[in-house]
Structures are given as C-alpha cells and as structure tokens.
Number of protein chains: 2
Amino acid sequence: MTSPAPVVLAFLDPAFPDGRVADATQPQLLVTDLGVTRGDGVFETMLAVGGTVRKMQAHLDRLGGSAAALDLAIPDQEAWRRVIAAAVARHRSENPPADPAADELVVKLVVTRGVEGEAPTAWVQASPAGAAGRRQRETGIDVILLDRGYDSDVAERAPWLLLGAKTLSYAVNMAALRHAHKQGADDVIFLSSDGRVLEGPTSTVLLAHVEKSDDGTTVKRLITPQLDSGILAGTSQGALFAAAKAAGWELGYGPLEPRDLMDADAVWLISSVRLLAPVNRIDGKEIGTPSVQKELTAELSGLFAAIH
Amino acid sequence: MTSPAPVVLAFLDPAFPDGRVADATQPQLLVTDLGVTRGDGVFETMLAVGGTVRKMQAHLDRLGGSAAALDLAIPDQEAWRRVIAAAVARHRSENPPADPAADELVVKLVVTRGVEGEAPTAWVQASPAGAAGRRQRETGIDVILLDRGYDSDVAERAPWLLLGAKTLSYAVNMAALRHAHKQGADDVIFLSSDGRVLEGPTSTVLLAHVEKSDDGTTVKRLITPQLDSGILAGTSQGALFAAAKAAGWELGYGPLEPRDLMDADAVWLISSVRLLAPVNRIDGKEIGTPSVQKELTAELSGLFAAIH
C-alpha cells in the first residue's frame with residue numbers, strides 16, 4: 001500500500017498573508033458551506049512545473065471572471081499570488097521531488113460562497129500531479145461526442161446559466177465522463193443541441209490541418225471552437241495559440257461541426273494539467289494520420305511546454 | 001444579536017445505526033470531498049411538522065433515483081429512516097419548540113461522492129425552518145420567467161445531463177434566483193429553449209382553472225408541466241395532486257406555455273419547505289383574480305397541510 005499523496009492546504013485569510021496552513025487530511029469545511037450544499041463557488045486548476053506555476057495570470061484573471069459571473073467577492077490577485085507561492089514552496093520543501101522529469105504539482109484555487117450570510121471560503125491546494133494524465137499525453141485518448149443540451153446562442157441570451165464561468169457545479173461534466181468510461185472511451189467532446197463542437201468536460205478542443213500551398217510551402221492551421229458558443233475560455237488554448245502563431249502557424253476559430261473533427265489531420269484536448277492529449281478515435285472512428293498526428297503533437301507539445 | 005439557529009448533524013455510519021452525531025458549527029468535511037470540488041452528490045430537503053417528516057417515502061425514493069442517475073451507492077432507506085428519526089427527536093429535545101404554530105424543522109439529506117476512491121459521505125441535518133418561507137406562503141411572490149437553455153426533449157436523449165436528478169450542482173439555480181432578486185422579484189419560473197414552462201429553481205409550477213360546466217356545477221382543474229420535459233418530479237406536487245383528486249379536482253399535465261400561466265385563475269410554486277406559495281405577478285403582470293386566488297390557495301393549502 002502506498003500512503004496518500006501529500007497535499008498542502010492553505011486558506012486565504014487576511015490574518016495570514018501567506019495563507020493559513022491547515023491539515024488536508026482533517027475536516028476543514030462546514031457541512032452548511034454553500035460550496036457543498038449548492039455547488040456554489042468557482043475554481044481553477046493550474047500546473048506548477050519545477051516549482052513555477054504556468055499561466056498564473058490567465059488563471060487568476062479567469063477566476064476573477066468566474067467570480068464576477070456569480071457575484072462572488074474574492075480575494076485580490078496579490079493575495080492569491082502570495083498564498084500560491086507559499087503553498088508550492090512548502091510542498092516542495094516537505095516533499096522534495098524525487099524525479100525531476102515528473103516534478104509537477106497540481107495547484108487548485110477554490111472559492112465557495114461560504115455559509116449563508118458569512119464570507120466566502122477560499123483556499124489553495126497543492127498536490128502531486130497524477131500519472132494518468134502524463135500517460136494520456138503519450139498514448140492519446142479515445143473520445144465520444146455527447147449532446148450538451150444547450151444551443152450555441154444561449155450563453156449570450158441567458159447569463160444566469162453561467163456558461164463562461166468555471167463553477168463548482170460540475171456534476172454534469174462528471175456524469176458525461178462516467179458515461180464515456182462505461183463505453184470504453186477516455187473522454188468526451190460536447191456538442192451543442194444545434195450540432196456545433198463545444199469543449200471537453202475539463203478541456204478545450206483543438207484541431208489541425210496541414211496543407212501544401214500553391215508555392216509548395218506547407219501551411220499549418222490550428223483551429224478551436226469560437227468562444228461565443230458558450231464554452232469556457234481555455235487558458236491553455238490561449239497560450240498555445242499565441243506560441244503557435246509566433247512559430248508560423250495560422251490560427252482559426254469555429255464554428256466547427258463533427259465532420260470538421262473527422263476530417264482533421266489531428267485533434268487534441270488541451271488542458272492545464274494533462275496538457276496536450278492527442279485524440280486517437282472519436283466514436284470509434286480513427287482520426288487523422290498517425291504519422292502526421294505524431295509530428296504535430298511533438299511540435300505543439302514543445303511549443304506548449306515552453307510557455308510560462 | 002441572535003445566536004445562530006441550532007443545527008443537529010448526524011452522519012450515516014454503519015457503526016452508528018442512529019447516526020454519528022457531529023457538531024455542525026465545527027468543520028466536518030475534507031476539502032478534497034468531491035461534493036465540494038465537483039458538486040458531485042445528491043440531496044433532498046424535507047419538512048418535519050410537529051416532529052413528523054412529511055412525504056418521507058417520496059423523498060427517500062427520489063434520493064435513490066437521483067443517486068442511481070449519478071451511479072452513487074447510498075445507504076438503504078431503513079438506515080436513512082433511523083438517522084432521520086433520531087436527528088429530529090434530538091433537535092426537538094434539545095430545542096423544545098416555543099411556538100406550536102411554527103413547529104417546523106427543515107431536514108436535509110445529503111450524499112456526496114466523498115474523496116476520490118473512498119466511500120460516499122452521507123448526512124442528515126435538522127434545523128428550524130426560516131420565517132421567510134412561511135411569510136411567502138401568506139403574502140405570495142413575484143416571479144420572472146427565465147430561459148433554462150434546454151429544449152423540452154433533451155432529458156430523454158441526454159441522460160448525462162442529469163435533468164431528473166436533484167444534484168448538489170445548483171449554481172445555475174442560485175444564479176437565476178440572484179438574477180430575479182436584482183430585478184425586485186422573489187423567484188423564477190424556468191422556460192425551455194422551445195418556450196415550454198418547466199419549473200422553479202427549487203419548486204414545481206402549478207396552475208388552476210375554475211369553470212362553470214353546462215349543468216351549473218363548478219369544475220376546478222389543477223395543472224402542472226409534464227414530467228418528461230426534463231423537470232424534477234415534485235414530491236409536493238405529487239402529494240397535492242393525489243389529495244386534490246380525492247377532493248374532486250380534475251388534474252392536468254402540460255405541455256404549458258407562458259400564456260397558460262398568464263391566463264390561469266391562479267398560479268403557485270410548490271415545494272417541501274415553503275409549501276404552496278401563490279404567484280402574484282409574473283414579469284410584472286398580475287396573475288388571476290385576487291379573490292379566486294385566495295380561495296383556491298386556502299383550499300389547496302388545507303389539502304396539502306393534511307398530507308403525511
């Protein structure tokens with residue numbers, strides 16, 4: 001038996017600028033916290049590599065946007081930065097990374113609405129990244145397409161649906177993943193009720209086309225669904241798009257339909273911890289050309305690894 | 001300053017058949033519980049009047065249905081019944097009800113998926129019913145209509161959306177209520193994206209028509225949206241329908257559109273704790289005839305109060 005992965009937990013608390021450190025193996029939340037009774041709160045999941053959190057600013061900005069969508073007052077970014085830095089440093093000092101190639105920490109930021117009538121509860125949690133995500137980066141994943149039930153215009157007309165916010169109410173995302181696992185698949189790509197490609201339950205969809213242009217040069221195009229379809233703005237997609245553009249890729253934004261996925265030279269799900277996971281099959285059908293997929297994955301993974 | 005309302009908390013635990021009693025004012029949950037990190041769990045909210053829980057069987061059945069939709073293994077009904085009875089008895093013995101007319105306890109049942117790879121967390125929580133709900137039964141409420149984003153067929157074709165399950169992922173319901181409060185309204189009636197009347201964020205919609213038939217007798221008809229539109233099966237609606245039928249009412253089931261609400265002689269939102277709340281205005285427009293509404297509310301409230 002292995003002992004549970006070590007977790008460093010620190011609550012944001014004005015009395016403790018570097019965080020009020022608490023024991024994650026002991027109860028720390030009230031059963032009346034609206035985070036648990038109503039899934040009423042927001043979160044971010046970040047990756048720290050070699051002790052440095054990737055895309056910190058983008059995550060803090062998105063956390064702020066999610067909180068605003070929920071009318072939730074949260075600590076300012078400077079307060080988060082201090083507690084995050086202290087939690088990561090503490091984890092590395094208490095658990096020196098054995099394998100520099102796997103020196104990855106998952107850093108979660110969570111804010112719940114707290115107990116009715118009281119202040120929000122906010123914490124930072126640092127724990128080792130699991131091996132499953134690293135494995136899927138290498139082997140690739142099989143996905144199924146599932147209807148998300150919303151049409152692609154709803155986000156704009158119904159802000160109370162919180163479609164652009166990363167809330168704690170993830171039961172549907174988890175149910176969709178269980179549905180995929182029962183069918184022998186690893187993950188899900190959601191479609192809108194009007195047939196547009198949206199996102200994964202915990203990731204953003206990317207696809208690539210490689211074409212020879214008339215003058216014989218190779219044009220590589222990286223494409224993602226358009227944001228106004230009610231999906232979460234992917235911090236990883238944003239960072240990779242910037243890096244790919246600098247490396248000469250053309251960029252494109254949806255609307256995308258399932259056949260765009262089927263016709264692509266490669267498809268990926270990208271997220272902050274698993275990073276770039278190549279999609280091998282969608283609904284059982286092989287996607288792209290293995291040799292091209294492998295080459296593009298290597299190039300984009302290299303670009304993505306280099307971002308901060 | 002008043003002290004916080006007394007809460008009795010008891011976890012379901014095979015080692016404690018009457019529940020493992022815990023202090024609700026102290027932290028009892030791990031921050032890694034999937035109930036809080038993913039809103040991954042189910043719940044029920046019941047009302048105990050004079051120490052007796054109303055509609056216990058219907059609530060336990062619905063809890064079981066919700067858990068099945070989430071592939072969540074939960075304790076059996078006998079275990080719940082013992083812990084519920086003990087928690088209600090303990091609350092009444094520790095806090096003898098001062099006012100017999102307000103001898104109401106809210107009894108919450110909650111099951112979360114627990115920490116990844118471990119057993120679900122399940123508890124019963126008993127606390128005094130707030131005055132706000134009792135007030136709204138008397139004064140009635142103003143509601144607004146909001147788009148729920150789903151069409152009325154989605155529940156059947158996409159079970160992973162968990163539309164018939166009462167999950168802890170209630171962030172959208174809470175956001176819709178905040179949206180209503182900002183507009184000066186008390187509550188919400190959701191519509192499907194194809195314009196059908198669905199439900200309230202925490203209640204079921206009812207409407208009534210009163211007609212004189214050809215032979216001069218009065219026909220009273222009680223109507224609710226049809227269940228296959230992806231709404232939660234209301235335990236209160238079910239119980240009231242049975243009682244109204246026995247009292248000579250005709251019953252009807254949707255599809256309903258907003259104009260059916262506007263044309264009704266009375267509209268209510270019904271739920272287990274607030275009970276039958278008459279709707280005075282929808283999107284600012286007065287509903288029904290005050291005298292008829294008052295009479296029908298009195299009759300149905302009497303029928304509903306008598307159920308167990």
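Only the coordinates and a few stated rules stand behind these numbers; no lab work does. Because the structure is a prediction, the values reported are computed rather than measured. Cβ atoms come from the backbone with ideal geometry, glycine included; neighbour counts cover every protein chain shown.
Here are the numbers for this structure:
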| quantity | calculated |
| --- | --- |
| Cα centroid separation, segment A:153-173 to segment A:184-234 (Å) | 20 Å |
| Restricting segment A:199-263 to trypsin sites (Lys or Arg not before Pro) in coil, as DSSP defines it, with at most 12 other Cβ within 10 Å | none |
| Cα convex hull volume per residue for segment B:135-305 (Å³) | 117 Å³ |
| Copy-to-copy label separations for A:G51, where each label sits 7 Å from Cα toward Cβ, in nm and ascending | 6.4 |
| Length-normalised contact order for segment A:135-305 - Cα pairs under 8 Å, 6+ apart - percent | 27 percent |
| Quarter of Cα convex hull surface for the protein assembly as shown, i.e. mean projection, nm² | 31.2 nm² |
| Tail fraction, Cα-Cα pairs, segment B:8-129, threshold 25 Å, whole percent | 21 percent |
| Under DSSP loop assignment and at most 13 Cβ neighbours within 10 Å, longest GluC sites (Glu not before Pro)-free interval of chain B | B:119-308 |
| At 7 Å out from Cα toward Cβ: B:E78 inter-copy label distances (nm, ascending) | 6.2 |
| Additional length obtainable on full extension of the chain from A:A298 to A:D71, 0.36 nm per residue less Cα span | 77.6 nm |
| Highest-MSF residue in chain B out of B:P159, B:P225, B:P120 [GNM, Cα springs under 10 Å] | B:P159 |
| Fraction in percent of alpha-carbon pairs per bin - 20 Å, chain A | 31, 58, 11, 0 |
| A:V210 versus A:A247: modelled label distance in nm, points set 7 Å from Cα along the beta carbon direction | 1.2 nm |
| Zone residues, segment A:94-113, relative to B:R178, backbone N less than 12 Å from point 7 Å out along Cα-to-Cβ | A:112-113 |
| Max mean-square fluctuation residue, GNM over chain A, Cα-Cα springs under 10 Å, options A:L161, A:L105, A:L206 | A:L161 |
| Relative contact order computed over segment B:8-129 (Cα-Cα under 8 Å; 6+ residues apart), in percent | 38 percent |
| Net charge of neighbours whose Cβ lies under 13 Å from the Cβ of B:T218, counting Lys and Arg as +1 and Asp and Glu as -1 | -4 |
| Positive-end residue of A:V124, A:A85, A:V110, charge dipole of segment A:8-129 with Cβ unit charges | A:A85 |
| Relative contact order [Cα under 8 Å, 6+ residues apart], chain B, whole percent | 18 percent |
| DSSP-loop chymotrypsin sites (Phe, Trp or Tyr not before Pro) across segment A:1-96, with at most 16 other Cβ within 10 angstrom | none |
| Using a 7 Å Cα-to-Cβ projection, B:P159 label spacings across copies, nm, ascending | 3.7 |
| 222 nm mean residue ellipticity, helices alone, for chain B (DSSP H n ≥ 4; -39,500 (n - 2.57); rounded to 500) | -9500 deg cm²/dmol |
| Above-threshold pairs, the threshold being 24 Å between Cα atoms, out of A:K55/A:K166; A:K55/A:K212; B:K245/B:K294 | A:K55/A:K212 |
| Sum of side-chain charges, B:L63 neighbourhood, beta-carbon under 13 Å (Lys, Arg +1; Asp, Glu -1) | +2 |
| Chymotrypsin sites (Phe, Trp or Tyr not before Pro) within segment A:245-308: DSSP coil, no more than 15 neighbouring Cβ in 10 Å | none |
